[in-house]
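Student: Structure below; questions to follow.
The values are calculated or read from the model by the stated rules, or taken from the named source; none is laboratory data. Note that the coordinates shown come from a computational prediction; the quantities given were computed from them, not determined experimentally. FYI the Cβ positions are ideal-geometry reconstructions off the backbone, even for glycines, and counts take in every protein chain you see.
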Amino acid sequence: MILVTGSTGLLGSHLLYKLASQNKNIRALYRTEDKLDLVKNVFATYTAKSDSLFNSIEWVKADILDIPALTNAFKAVNYVYHCAALVSFDPNDYPYLRKTNIEGTANIVNLCLAHKIEKLCYVSSVATLGSALKNELTTEETYWNPEDDNNVYAITKYGAEMEVWRASQEGLPVVIVKPGVILGAGVWNQGSGSLFTKAHKGLRFYPKGNSGLVDVKDVADAMIQLLKSDIKNEAFILVSENWNYKHFLQALATSVGAKPPSTLAPTWVLAVLWRLDWLKNALTGTPRQLTKQLAASIMSKSHYSNAKIKTALHFKFKPVQESINEIGAIFQKQVE
């Protein structure tokens, strides 16, 4: 039996689709019924047999912070994919991020140890890596610097990784994947899917930084291959290509039939915007949209190496342009 947490997110739903298509014995966690519609939409994106695949999964209502419910979910489980996480860059969400990302992961790994799980695959992020020297690639060995002005999401994902590594020292075989920006279809109101939505509505500006991009199906494939392999207690960056934001946002806009952004967002404008965003939050309580750390991130230029996963699994990534074209075509069919 395979247990999947975070099954109603972009990655989790695509992972479930891959596993269900392979006739695997799957148990998936969900928190609320409305989230299941997202999974159904992702399945329907790829097959007319979406209902039968969805119904082949054993669905269990449980939160990763609810230990009694989690304990029941772990019965007869052999392997675990831990995809669940809270994603936010708002400093006001730090207590909730710690609770979900660190405490929730601690609960998962403790139950993995208690139930003698054969292997755990944990989904982390390139956000937990440090900054490489100028003109050098960021690798799995580019270590996190706690003295940097790290954003709250990265801090809690790094803390979650420490729980996974702690479990590995206690005898649990683990693999950790660190994806860049995950591109996938079927979820248009959050994550990278919301970028396709925003591009469709119209983007005027692009920042000067760059990011590592990867197709969601590649991430799911790598996770499945890593769990089946003899590899253990290793971490892998999952990035297909490094693109600057100008190229990325213009490609997104073109894929959904919108006008590409043509104006560089000056550094001083972003500096003003994140301060105004802070003031608006202080005065009205409106959730933060642009923090100091996020502004710095989209202006930075990190380039990620995928050599380790390519060597370990002879893995081949889908070209980013191909992914964007496919997802943009699906967006136009589903949303327009």
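Student: Within region 297-316, does at least one residue satisfy the condition of being part of a loop (DSSP other than H, G, I, E, B), among the basic types (Lys, Arg), closer than 27 Å to ALA44 by Cα and at pLDDT 75 or above?
Tutor: Step one: of region 297-316, the residues part of a loop (DSSP other than H, G, I, E, B) are 300-303, 305-306, 314-316.
Subsequent filtering for residues that are among the basic types (Lys, Arg) retains 301, 316.
From what is left, the residues that are closer than 27 Å to ALA44 by Cα are 316.
Remaining after also requiring at pLDDT 75 or above: 316.
Yes.
Student: Among (1) under 22 Å from MET223 (Cα atoms); (2) touching a residue at least 60 places away in the same chain (Cβ under 8 Å); (3) of a type outside the set (Lys, Arg), there is one condition VAL181 misses while meeting the rest; what is its number?
Tutor: All conditions pass for VAL181, except number (2).
Student: Among the strands (runs of 3 or more DSSP E) confined wholly to region 16-124, which include 2 or more residues that are surrounded by 19 or more Cβ atoms within 10 Å (Cβ to Cβ)? Lay out the reasoning, then the answer.
Tutor: Details: elements: 26-30, 58-61, 79-82, 119-123.
Strands (runs of 3 or more DSSP E) meeting the threshold: 26-30, 79-82, 119-123.
Student: I'm trying to understand the selection: among the residues of region 81-104, which are touching a strand residue (DSSP E or B) at 6+ places or on another chain (Cβ under 7 Å) and not hydrophobic (A, V, I, L, M, F, W, C)?
Tutor: Those that are touching a strand residue (DSSP E or B) at 6+ places or on another chain (Cβ under 7 Å) and not hydrophobic (A, V, I, L, M, F, W, C): TYR81, HIS82.
Student: Something else now. I need a count of the residues in region 184-209 that are touching a residue at least 40 places away in the same chain (Cβ under 8 Å) and either within 24 Å of LEU38 (Cα to Cα) or in contact with a Cys (Cβ under 9 Å, 6 or more places away or on another chain) (or both). Can you show your working first?
Tutor: First, the residues of region 184-209 that are touching a residue at least 40 places away in the same chain (Cβ under 8 Å): 184-188, 190-193, 195-197, 199-209.
Of the ones still in play, those that are also either within 24 Å of LEU38 (Cα to Cα) or in contact with a Cys (Cβ under 9 Å, 6 or more places away or on another chain) (or both) are 184-188, 190-193, 195-197, 199-201.
Final tally of qualifying residues: 15.
Student: Report yes if some residue within region 265-286 is at pLDDT below 95 and under 30 Å from THR45 (Cβ atoms); otherwise report no.
Tutor: No.
Student: Return a yes/no flag: does region 149-162 have any residue that is within 26 Å of ASP34 (Cβ to Cβ), modelled with pLDDT under 95 and of a type in the set (S, T, N, Q). Give the derivation first.
Tutor: Taking region 149-162 as the starting set, the residues that turn out to be within 26 Å of ASP34 (Cβ to Cβ) are 153, 156-157, 160.
Imposing the further condition that a residue be modelled with pLDDT under 95 reduces the set to 153.
Retained after the next criterion (residues that are of a type in the set (S, T, N, Q)): none.
No, region 149-162 contains no residue that is within 26 Å of ASP34 (Cβ to Cβ), modelled with pLDDT under 95 and of a type in the set (S, T, N, Q).
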